[in-house]
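S.K.: One structure is given below, represented as structure tokens, and several questions about it will come after.
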There are 2 protein chains.
Amino acid sequence: MIRIGILGYGNLGRGVECALRQNPDMELKAVFTRRDPAKVSILTQGAPVLPAEELPQWKDKIDVLILCGGSATDLPVQTPQCAALFHVVDSFDTHAKIPEHFARVDAAARNSGHVAVISAGWDPGLFSLNRLYGQCVLPQGASYTFWGKGVSQGHSDAVRRVEGVKDARQYTIPVESALEAVRSGSQPQLTTRQKHTRECFVVAEEGADKARIEAEIKAMPNYFADYDTTVHFITEEELQRDHAGIPHGGFVLRSGKTGWNEENTHVMEYSLKLDSNPEFTSSVLVACARAAFRMAQEGAAGCKTLLDIPPACLSPQDGETLRRELL
Amino acid sequence: MIRIGILGYGNLGRGVECALRQNPDMELKAVFTRRDPAKVSILTQGAPVLPAEELPQWKDKIDVLILCGGSATDLPVQTPQCAALFHVVDSFDTHAKIPEHFARVDAAARNSGHVAVISAGWDPGLFSLNRLYGQCVLPQGASYTFWGKGVSQGHSDAVRRVEGVKDARQYTIPVESALEAVRSGSQPQLTTRQKHTRECFVVAEEGADKARIEAEIKAMPNYFADYDTTVHFITEEELQRDHAGIPHGGFVLRSGKTGWNEENTHVMEYSLKLDSNPEFTSSVLVACARAAFRMAQEGAAGCKTLLDIPPACLSPQDGETLRRELL
């Protein structure tokens, strides 16, 4: 049994808790929180909810700690700290800051002899893997990543900050004709606007100027100005009824040429269609927790990403079974 | 520079030669053949064509030997033999015999301290990887593999053995409605007939009884009896004009549930659309040759499959670059 702890009990922490129930070789030992533990109620019978300060006392009672905080402020601090005590897994997803996060976590994990898997999830994560496999197999080619259809938390937040907006939900949507162009093998050059559209469902404050809100959203630099954006005004009830889920997904494509004169075209495509972005990410975190434990047993230490994990380490089955049943 | 040798110069060997040209960290040192080397003309300037018997003399001049023979009789003998001399890569694809092939190759490679990658390609290979990742991330779910549209060599050969058939080409075609059912997340149970159809293009001998040929093909056990099969009679010219390529491809899907009550559905889909089956397989072999070399440098020995290879080992770029650019 691999003994698992969870730090942070939001959507992601709850998703990890659910995923653990589907993995009989792992056991949830405790959930740690920075909130008042008395106010956090979890689903698993028998696992205590404890203040984060008690983590050091669980050093020998937990094998892998799964960090379920945010990338902005939680993980940059927590992951190196916790890697001094446990094998750890996080879903750090600020792409531009991965190198420095890696360096800090690697130093801590090497120092304590633990394995720390960072940036586990689907992007970064499974999508990164597919970008890598695609590029290695078809070095003469082009890679494409499309996101959606799905809810972008950052863009939803940006809309909510517009004056007169009470609540909002933003969907990122890949442009079907762009996807088709890539699938044809023609290796098109695509602008930001050609790849994705953005759709906003907005609940306006009573009496707010909807035309101004719409114009302000569409003009927002970085977030919306470079995209064809549609804004729908709906009621609070409609938002809750039709937009309560957190679906997401996307596509990674590699299109490349082979042959002495590059006369043959190949297209590799990977796609995800997810009902719940946090639950799917949690499921990847849990598989990576197993890999961290396995790699440590084989003598590894330091920071790893999915790019470094031998795929078989993610599985509860042994190599012989995998070769017989999956290869 | 990784020094590469090729054993066997058919479609696959030629594909490896082409792929090497796209990978500047590798160099083709020699092609070995069991035919008369004087009768084998290759594309690469400066690389000699040599009789297979001379392989032992190249022990210190080649790092990785890529084996391009067939799974039926060549590889079971060649891979263990050559693993005594070099790091090796093969595309052994007789699924049922992989465990025994692995055991023989592993013993030879461990004994000589080499890394031997077997069953590299797309199925087994990239498809196996996707079956593994899918199953590890979504343990409560179902996996599906569809092949095609593409030319099946074994089925084309079977049609050619029917009396009165001069030449033939067989395409395996996934059933679109079955794919759609899987994509819906409903986890359908599908029979052999529901998953694929088979289409045969047949050149009949002059005066042959076409009705009998068609009936014989459709009734052939294992190959066609369990499928809806279409037979088209065409001329030799049409076969050469319209069916000269060796396209293939397929789909691996994983559909699974997450959530405390398994209330959320996710679908992971991987697909390949290949103009040239052997050239794409060759491209995977070449990436695996790099991984064999890298893993050996890090102290590994023995038999490996793509399931055991840390993905980053397939790439010519270092970990830091991969994290910065791909993760």
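The values are calculated or read from the model by the stated rules, or taken from the named source; none is laboratory data. Please read all numbers here as calculations on a predicted model, not as lab measurements. Cβ coordinates were reconstructed from backbone atoms using ideal geometry, including for glycine residues, and neighbour counts include every protein chain displayed.
S.K.: When you look at B:Lys61, is it under 25 Å from B:Gln22 (Cα atoms) and of a type outside the set (Phe, Trp, Tyr), yes or no?
M.R.: yes
Here's the yes/no breakdown for (1) among the β-branched types (Val, Ile, Thr); (2) more than 7 Å from chain B (Cβ to nearest Cβ):
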residue	(1), (2)
A:Ser271	no, no
A:Val284	yes, no
A:Cys288	no, yes
A:Arg294	no, yes
A:Leu306	no, yes
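S.K.: Answer yes or no as to whether A:Thr321 is more than 9 Å from chain B (Cβ to nearest Cβ) and either surrounded by fewer than 22 Cβ atoms within 10 Å (Cβ to Cβ) or touching a residue at least 40 places away in the same chain (Cβ under 8 Å) (or both).
M.R.: In short, yes.
S.K.: Checking A:Leu126 against (1) without any contact (Cβ under 8 Å) to a residue 24 or more places away in the chain; (2) within 25 Å of B:His266 (Cβ to Cβ), only one condition comes out false. Which one?
M.R.: (1)
S.K.: Show the residue pairs that are 6+ apart or on different chains and have beta-carbon atoms under 9 Å apart, the first residue being within segment A:85-109 and of a type in the set (Lys, Arg), the second being surrounded by fewer than 24 Cβ atoms within 10 Å (Cβ to Cβ).
M.R.: Listed by first residue and then by second, the contacts come to A:Lys97/A:Ser71; A:Lys97/A:Pro76; A:Arg104/A:Pro76; A:Arg104/A:Pro80.
S.K.: Kindly evaluate B:Leu75 against the criterion of being under 26 Å from B:Asp275 (Cβ atoms), in contact with a helix residue (DSSP H, G or I) (Cβ under 9 Å, 6 or more places away or on another chain) and more than 14 Å from chain A (Cβ to nearest Cβ).
M.R.: yes
S.K.: Name the one entry in A:Gln135, A:Gln194 that is touching a residue at least 40 places away in the same chain (Cβ under 8 Å), part of a helix (DSSP H, G or I) and either farther than 26 Å from A:Ala72 by Cα or not β-branched (Val, Ile, Thr) (or both).
M.R.: Every option except A:Gln135 fails the conditions.
S.K.: Can you tell which of B:Thr79, B:Thr145 is at pLDDT 95 or above, of a type in the set (S, T, N, Q) and surrounded by fewer than 20 Cβ atoms within 10 Å (Cβ to Cβ)?
M.R.: B:Thr145
S.K.: Can you tell me which residue is nearest to A:Ser152 (Cα to Cα) among those in segment A:248-262 that are facing another protein chain (nearest Cβ under 8 Å) and part of a loop (DSSP other than H, G, I, E, B)?
M.R.: Looking at residues that are facing another protein chain (nearest Cβ under 8 Å) and part of a loop (DSSP other than H, G, I, E, B), I get A:Gly259.
S.K.: Name the single residue that is nearest to A:Gln81 (Cα to Cα) among those in segment A:108-147 being facing chain B (nearest Cβ under 7 Å) and under 14 Å from the mean Cα position of the chain (by Cα).
M.R.: Applying the filter and picking the extreme gives A:Ser119.
S.K.: Would you confirm whether or not segment A:96-106 contains a residue that is exposed (fewer than 15 other Cβ atoms within 10 Å of the Cβ), modelled with pLDDT of 95 or more and over 20 Å from B:Arg324 (Cα atoms)?
M.R.: Within segment A:96-106, none of the residues are exposed (fewer than 15 other Cβ atoms within 10 Å of the Cβ), modelled with pLDDT of 95 or more and over 20 Å from B:Arg324 (Cα atoms).
S.K.: So for segment A:240-247 (the condition being of a type in the set (A, V, I, L, M, F, W, C) and either in a helix (DSSP H, G or I) or closer than 29 Å to B:Gln22 by Cα (or both)), does at least one residue qualify?
M.R.: Checking segment A:240-247: not a single residue is of a type in the set (A, V, I, L, M, F, W, C) and either in a helix (DSSP H, G or I) or closer than 29 Å to B:Gln22 by Cα (or both).
S.K.: If you take the residues of segment A:209-232 that are over 29 Å from the mean Cα position of the chain (by Cα) and surrounded by fewer than 17 Cβ atoms within 10 Å (Cβ to Cβ), which of them is farthest from A:Val182 (Cα to Cα)?
M.R.: That would be A:Asp209.
S.K.: Let me ask another. Those residues that are touching a Cys at 6+ places or on another chain (Cβ under 7 Å) and farther than 25 Å from A:Asp275 by Cβ, I need them from segment A:115-172; list them, please.
M.R.: A:Ala116, A:Ile118 - these are the residues of segment A:115-172 that are touching a Cys at 6+ places or on another chain (Cβ under 7 Å) and farther than 25 Å from A:Asp275 by Cβ.
S.K.: In segment B:1-49, what residues are modelled with pLDDT of 95 or more, in a loop (DSSP other than H, G, I, E, B), farther than 17 Å from A:Lys257 by Cα and within 14 Å of another protein chain (Cβ to nearest Cβ)?
M.R.: Residues satisfying the conditions are B:Tyr9, B:Asp25, B:Ser41, B:Ile42, B:Leu43, B:Thr44, B:Ala47.
S.K.: To continue, here is another question. Do we have A:Ser119 as in contact (Cβ under 8 Å) with a residue 60 or more places away in the chain, at positive phi and not in a helix (DSSP H, G or I) here?
M.R.: yes
S.K.: Related question: Here are some conditions: (1) surrounded by fewer than 17 Cβ atoms within 10 Å (Cβ to Cβ); (2) at pLDDT 95 or above; (3) within 13 Å of another protein chain (Cβ to nearest Cβ). A:Pro56 meets all but one. Which one does it not meet?
M.R.: For A:Pro56, the exception is condition (3).
S.K.: Considering only residues that are within 27 Å of B:Glu180 (Cβ to Cβ) and basic (Lys, Arg), look in segment B:233-259 and name the one that is surrounded by the fewest Cβ atoms within 10 Å (Cβ to Cβ).
M.R.: Top of the filtered list is B:Lys257.
S.K.: Name the single residue, out of those in segment B:156-174 being of a type in the set (Lys, Arg) and touching a residue at least 24 places away in the same chain (Cβ under 8 Å), that is nearest to B:Lys195 (Cα to Cα).
M.R.: Selected residue: B:Arg169.
S.K.: Out of B:Ser71, B:Ser91, I need the residue that is within 24 Å of B:Ser112 (Cα to Cα), of a type in the set (Gly, Ala, Ser), buried (at least 24 other Cβ atoms within 10 Å of the Cβ) and under 20 Å from the mean Cα position of the chain (by Cα). Which one?
M.R.: Just a single option satisfies the conditions, and that option is B:Ser91.
S.K.: To continue, here is another question. Output yes when any residue across segment A:308-317 is closer than 20 Å to A:Ser71 by Cα, at the interface with chain B (Cβ under 7 Å from one of its Cβ atoms) and among the polar types (S, T, N, Q), and no when none is.
M.R.: Among the residues of segment A:308-317, not one is closer than 20 Å to A:Ser71 by Cα, at the interface with chain B (Cβ under 7 Å from one of its Cβ atoms) and among the polar types (S, T, N, Q), which makes the answer no.
S.K.: Moving on to the next point. Just need a number here: residues in segment A:273-282 that are polar (S, T, N, Q) and at the interface with chain B (Cβ under 7 Å from one of its Cβ atoms).
M.R.: Residues meeting the conditions: 1.
S.K.: For the structure I just gave you, tell me whether B:Val159 is closer than 30 Å to B:Gly256 by Cβ and among the hydrophobic types (A, V, I, L, M, F, W, C).
M.R.: no
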